[in-house]
């Protein structure tokens, strides 16, 4: 009875709140699929477990175990979704996806047209829902541009009511921090994602550049063969290459201090420096 009353009060509070969103597009997470050897070594790495908040996902953010087919490495606002070749999503080895979002404050809305600074792109909409008992609650709606490329990109609006059901307390906003903060051990050394560098095919270079520009994302620097976008707290560098399939060249993670060792985990090389962990994917 108290649980139901709590949810009713929460929804009434949400309904009385004026809808609003941060106008700034943010990076939410990036996923990539590794070979089985690299993925198994990540799951077994005690150093990574000591340094990072790692879990196997919703609904309970349980610790990674031998049966996990996906590992989530959480930061304060962003996370890495690292998959093995037998992942439940059916994503193939080498696949890459980048999810962007806007913080929601108030009643949920997903008007993608209101976010476009430059018109012209066409989007397809999809929804992700989660079962809470006998009720399916919208987690987020996402939009995919129809341009060609091997890297998946999508732009999402997250529903505060989902957090209310997940954590059993009222939420009238859905920031990236709201989703992750109750599950983060702040004593861990790895704090957040800081930068992504992609070696892109011509199609991905054009596609991602056009999408981010359309949403008014700031260009930090550019030349004939690269462009760097400043996506709120994360820097994204796109290198124009002759590759047919794009790859992640490196990821930079923000750390509390210099970590105690460098690591080689399968095809991943992890190099520590002052307040940064560089991950190179070979």
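What follows is calculated from the coordinates using simple rules that are stated; it is not laboratory data. Only a predicted model underlies this, so the values are computations on that prediction, with no experimental measurement involved. Reconstructed Cβ throughout: ideal geometry from the backbone, glycine too, with neighbour counts over all protein chains shown.
Between residue 185 and residue 274, the C-beta separation translates, for a Förster distance of 25 Å, into a calculated FRET efficiency of about 0.70.
I'd like the FRET efficiency for residue 58 and residue 37, computed as 1/(1 + (r/R0)^6) with the beta carbon distance as r and R0 of 25 Å, rounded to 0.05.
The value I calculate is 0.40.
Cα centroid separation, segment 17-93 to segment 213-266: 18 Å. Taking label points 7 Å from Cα along the Cα-to-Cβ direction, residue 135 and residue 218 give a separation of 4.1 nm.
Given in Å, the Rg to one decimal and the Dmax to the nearest whole number for the Cα atoms of the chain are 19.1, 63.
Rounded, prolate or oblate: pick one for segment 123-189, where a ≥ b ≥ c are the square roots of the eigenvalues of its C-alpha gyration tensor, a/c under 1.5 means rounded, and failing that, prolate if a/b is larger than b/c, else oblate. Walk me through the intermediate numbers first.
Working: a/c = 2.58, a/b = 1.38, b/c = 1.88.
It is oblate, given that a/c is not under 1.5 and a/b is not larger than b/c.
Report summary: the helix-based calculation at 222 nm, which adds -39500 (n - 2.57) for every DSSP H run with n ≥ 4 and divides by the residues of the chain, gives -5500 deg cm²/dmol.
For the pair residue 88 and residue 113, the difference between a 0.36 nm per residue extended length and the Cα-Cα distance amounts to 5.8 nm. Placing R0 at 45 angstrom, the Cβ-Cβ distance between residue 122 and residue 50 gives a FRET efficiency of 0.45 after rounding to 0.05.
Under the classification rounded if a/c is under 1.5, otherwise prolate if a/b is larger than b/c and oblate if not, where does segment 50-100 fall, given a ≥ b ≥ c as square roots of the Cα gyration tensor eigenvalues?
On the way: a/c = 1.85, a/b = 1.20, b/c = 1.55.
Verdict is oblate for segment 50-100.
Can you tell me what share of the DSSP beta bridges in segment 194-241 is antiparallel? A percent to the nearest 5 is fine. All intermediate terms of the calculation are to be shown ahead of the outcome.
Working: 11 of 17 bridges.
Looking only at bridges with both residues in segment 194-241, the antiparallel portion is about 65 percent.
Taking a ≥ b ≥ c as the square roots of the eigenvalues of the alpha-carbon gyration tensor, segment 34-193 is classed oblate because a/c is 1.5 or more while a/b is no larger than b/c.
Express the relative contact order of the chain as a whole percentage, based on alpha carbon pairs under 8 Å and six or more residues apart in sequence.
Values: 624 pairs, mean separation 54.8, N = 282.
With pairs under 8 Å counted, the relative contact order is 19 percent.
Just so you know, the Cα atoms of segment 154-282 work out to an Rg and Dmax of 17.6, 51 Å. Between residue 24 and residue 203, the modelled labels are 3.4 nm apart [label points 7 Å from Cα along Cα→Cβ].
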